[in-house]
1. Within segment 81-106, count every residue that is small (G, A, S), closer than 16 Å to T25 by Cβ and open to solvent by 30 Å² or more (accessible area, probe 1.4 Å).
2. Looking at (1) open to solvent by less than 20 Å² (accessible area, probe 1.4 Å); (2) of a type in the set (S, T, N, Q); (3) closer than 30 Å to T183 by Cβ, which is the one condition that is false for T78?
3. Of L121, L180, which residue is touching a helix residue (DSSP H, G or I) at 6+ places or on another chain (Cβ under 8 Å), assigned to a loop (DSSP other than H, G, I, E, B), more than 23 Å from Y41 (Cβ to Cβ) and in contact (Cβ under 8 Å) with a residue 12 or more places away in the chain?
4. For segment 155-166, state whether one or more residues are within 18 Å of I15 (Cβ to Cβ) and not aromatic (F, W, Y).
5. Restricting to helices (runs of 4 or more DSSP H) lying wholly in segment 1-103: which have 1 or more residues that are under 19 Å from S135 (Cα atoms)?
6. Give all pairs with beta carbons closer than 6 Å in which a residue from segment 40-66 that is in contact (Cβ under 8 Å) with a residue 40 or more places away in the chain meets a residue that is of a type in the set (S, T, N, Q) and open to solvent by 10 Å² or more (accessible area, probe 1.4 Å); count only pairs at least 6 apart in sequence or on separate chains.
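The values are calculated or read from the model by the stated rules, or taken from the named source; none is laboratory data. Quick caveat, the model's predicted, so the values are computed rather than measured. Here the Cβ positions follow ideal geometry from the backbone for every residue, glycine too, while neighbour counts run over all protein chains shown. These area figures cover heavy atoms from the full protein model, side chains too; ligands, DNA and RNA do not enter into them. Shrake-Rupley method; radii C 1.70, N 1.55, O 1.52, S 1.80 Å.
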Amino acid sequence: MPELGSLSDRIRAAIAPAHDTVERTPFAVAMASGRIDRDAYAAGLRPLLALHEGLEAALAAAHGTPEVAAVYDPRRMTRAPLLAADLAALGDVPAPPAADAAVDRLTAEFPEWAAVRPWALVGALYVTEGSRMGSMLLARSLAAAFGVRPEPGVGLDYHVAGIATRPADWQRFKAAVNALPLTPARAADVLGAAAVTMNGLVAMYAALPAGIVEAVSA
């Protein structure tokens, strides 16, 4: 467990209120309860794919900088292709314009971070890597909602890829973040970027319909 006051602890505290807000959105509640329909879920994948494409492009552009190189492993952390595979399996359903607009506003930040303060991308990456832990539970609930097994190739690649090593990978990632030799100003950039990313997700999730499938009485 990281020591109190570590950078990963500070990031977690900075994004906690927004994270709780995301989990209370109808879309997130429907996913977690295993009652979301396929089209509603697929509609959420398109803006999520745009987010990952934007972030991964920025991380690739900044990968030569020491802060990004120390924490970002593109072989394991590239997730846009997984979302593209899920869209191919489920059908490419358009998202509400407000969800797309929320992600567009967020991804517009990434090129500036990559060019001017690449260490800030660590905050955004913390948010997307942290979401993998929740994905371990969502894989089961979504599989139940769609009547499939939680395995690759059925529209759940984003959640199931790398699941066996995920807890250990998360601990290694946090250790790498905590070991970064950042000045207070650069650490503040990381915290700010994490908050901006999480708030962007709040806006995206709030714009997505729940698409709840009502339980059928016996």
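1. Initial filter on segment 81-106 (small (G, A, S)): 84-85, 88-89, 91, 95, 98-99, 101-102.
Those left that are additionally closer than 16 Å to T25 by Cβ: 95, 98-99, 102.
From what is left, the residues that are open to solvent by 30 Å² or more (accessible area, probe 1.4 Å) are 98.
The qualifying residues number 1.
2. The number of the failed condition is (1).
3. Working: L121 fails: assigned to a loop (DSSP other than H, G, I, E, B).
Of the residues listed, the single one that is touching a helix residue (DSSP H, G or I) at 6+ places or on another chain (Cβ under 8 Å), assigned to a loop (DSSP other than H, G, I, E, B), more than 23 Å from Y41 (Cβ to Cβ) and in contact (Cβ under 8 Å) with a residue 12 or more places away in the chain is L180.
4. The initial filter retains those residues of segment 155-166 that are within 18 Å of I15 (Cβ to Cβ), namely none.
No.
5. Details: elements: 7-24, 26-33, 38-61, 66-71, 74-77, 80-90.
Output list reads 7-24, 26-33, 38-61, 74-77, 80-90.
6. Here the result reads G54/T107, each pair linking segment 40-66 to a residue that is of a type in the set (S, T, N, Q) and open to solvent by 10 Å² or more (accessible area, probe 1.4 Å).
Yes or no, residue by residue, for (1) in contact (Cβ under 8 Å) with a residue 60 or more places away in the chain; (2) in contact with a Gly (Cβ under 7 Å, 6 or more places away or on another chain); (3) at positive phi; (4) buried (at least 17 other Cβ atoms within 10 Å of the Cβ):
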site: G134; (1), (2), (3), (4): no, no, no, no
site: S141; (1), (2), (3), (4): yes, yes, no, yes
site: P150; (1), (2), (3), (4): no, no, no, yes
site: L156; (1), (2), (3), (4): yes, no, no, yes
site: F173; (1), (2), (3), (4): yes, no, no, yes
site: A203; (1), (2), (3), (4): yes, no, no, yes
site: P209; (1), (2), (3), (4): yes, no, no, yes
